[in-house]
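Comments concern the structure below.
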Amino acid sequence: MEYSFYDFLKLLGSLALFLYGMKIMSEGLQKFAGDRLRKILTAMTTNRVTGVLTGVLITALIQSSSATTVMVVSFVNAGLLTLSQSIGVIMGANIGTTVTAWIISALGFKVDIAAMALPLLAVGVPLLFSGKSNRKSIGEFIFGFSFLFMGLSLLKTNAPDLSRNPEMLSFVQNYTDMGFGSVILFVVIGTVLTMIVQASAATMAITLIMCANGWISFELGAALVLGENIGTTITANLAALTANTQARRAALAHLVFNVFGVIWVLCLFKPVTMGVSWFVEDIMKTADPAVAVSFKLSAFHTTFNICNVLILIWFVKLIEKTVCKIIPQREQDEEYRLRFITGWYCFLLRAFYIAGTQGNQSLCRAYSSYVWHGAGSASYHE
């Protein structure tokens with residue numbers, strides 16, 4: 001059985017439907033809970049612990065660590081969050097994004113959610129055309145949720161069966177039998193894939209399917225997950241390219257945090273993967289091999305991010321000093337500003353900021369609202 005170009009196009013179309021579903025679902029949640037999340041972010045970042053918890057909560061709700069990170073960078077750019085506060089929120093966003101993998105593992109591999117997609121779309125249509133914005137946002141979420149799992153189901157269906165394609169199987173095995181070299185190679189592949197797709201949730205879904213179909217082992221799937229954690233930081237760094245120094249430092253802190261985590265996990269790769277395997281096989285007692293390997297990857301993803309936060313939460317000041325040394329302050333004084341907003345808008349928003357720092361909280365809230373909508377209008381997904 002040959003895997004034709006038409007089959008490859010169907011695979012790409014399935015991935016496109018998955019990405020589109022993730023985009024609509026995340027945007028629907030952001031619109032529905034945007035103002036509430038903005039208030040939470042500005043009120044609950046008084047210390048590093050509450051900052052981490054805030055990042056976990058917001059990312060788990062909107063299902064996009066990239067959206068959370070870009071929002072944080074915008075807040076730093078506007079002077080509403082300090083660099084130290086932003087690092088805590090970014091750490092929490094890394095934990096919050098692991099919820100996506102668990103949802104895909106539990107529902108995409110254990111429950112046939114795709115069979116419920118069409119009835120869900122029928123429920124979502126009246127909400128989508130509702131005059132009330134909240135109902136419309138819920139309708140968008142339902143449509144996105146349905147498309148996401150339809151795309152995941154189609155990805156599993158259209159993925160090539162390597163047992164029927166011995167040439168493809170031998171090609172893959174050429175790169176999976178190099179010992180620790182294969183692990184490093186797959187970390188790089190995961191990084192590049194996520195940088196290209198700009199959605200770690202999509203590369204996570206691809207990784208889950210590759211492991212479930214027996215293309216690669218759990219260990220190499222874990223290596224891809226590590227690479228995805230590096231690749232996802234590119235979104236915030238791109239968003240911060242034209243921002244001020246503090247915002248660029250916040251984006252760089254995300255990269256430093258994840259790269260350090262990947263390095264120490266690679267040093268303890270065997271013990272960590274063996275521990276995760278023991279937990280899923282002996283504690284969770286998952287019988288189905290496809291479900292078991294998806295749970296292993298999700299557990300590895302969660303373990304990696306939680307342990308990384310528990311280690312580095314005590315070194316926030318050191319991370320801050322490191323990024324400040326890498327990105328020195330510019331000689332000229334920089335004004336806090338927002339991307340994509342120019343002219344009299346900048347002048348007006350700057351006035352809001354000054355008024356807020358002088359004690360006018362209502363104007364400050366209006367300004368932060370503008371920041372939220374400015375950052376949220378673009379589509380960033382993880």
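The values are calculated or read from the model by the stated rules, or taken from the named source; none is laboratory data. Here the structure is a predicted model, which is why all the values come from computation and not from measurement. Ideal geometry is used to build each Cβ from the backbone, glycine not excepted, and the neighbour counts take in all protein chains shown.
Quick notes on this one:
- The C-beta contact set for the range 240-266 (first residue without any contact (Cβ under 8 Å) to a residue 12 or more places away in the chain, second residue crowded, with 24+ Cβ neighbours inside 10 Å and of a type outside the set (S, T, N, Q), distance under 9 angstrom, 6+ apart or interchain) comprises Leu241/Ala251.
- Residues (at pLDDT below 75, in contact with a Ser or Thr (Cβ under 9 Å, 6 or more places away or on another chain) and assigned to a helix (DSSP H, G or I)) located in the range 48-73: Ile62, Ser65, Ser66, Ala67, Val70
Quick grid of which residues meet (1) without any contact (Cβ under 8 Å) to a residue 24 or more places away in the chain; (2) of a type in the set (Lys, Arg); (3) surrounded by 14 or more Cβ atoms within 10 Å (Cβ to Cβ):
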{"residue": "Val280", "(1), (2), (3)": "yes, no, yes"}
{"residue": "Lys285", "(1), (2), (3)": "yes, yes, no"}
{"residue": "Ala292", "(1), (2), (3)": "yes, no, yes"}
{"residue": "Asn308", "(1), (2), (3)": "no, no, yes"}
{"residue": "Leu312", "(1), (2), (3)": "no, no, yes"}
{"residue": "Phe315", "(1), (2), (3)": "yes, no, yes"}
{"residue": "Arg330", "(1), (2), (3)": "no, yes, no"}
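- Test: residue in the range 217-235 that is within 17 Å of Val72 (Cα to Cα), crowded, with 18+ Cβ neighbours inside 10 Å, β-branched (Val, Ile, Thr) and touching a His at 6+ places or on another chain (Cβ under 6 Å): yes
- Listed by position, the helices (runs of 4 or more DSSP H) enclosed by the range 208-325 that each have at least 1 residues that are among the charged types (D, E, K, R) are 218-231, 245-267, 269-278, 289-312.
- Residue within the range 33-47 that is among the hydrophobic types (A, V, I, L, M, F, W, C), out of contact with any Cys (no Cβ under 9 Å at 6 or more places or on another chain) and at pLDDT 75 or above present: no
- When the range 9-32 is limited to residues that are aromatic (Phe, Trp, Tyr) and modelled with pLDDT under 80, the one that is farthest from Thr68 (Cα to Cα) turns out to be Phe18.
- Helices (runs of 4 or more DSSP H) (entirely within the range 102-196) containing at least 1 residues that are modelled with pLDDT of 80 or more, of a type outside the set (D, E, K, R) and within 22 Å of Ser14 (Cβ to Cβ): 117-128, 133-158
- Where Ala223 falls short, out of the listed (1) at pLDDT below 90; (2) of a type outside the set (Asp, Glu); (3) closer than 20 Å to Leu193 by Cα: (1)
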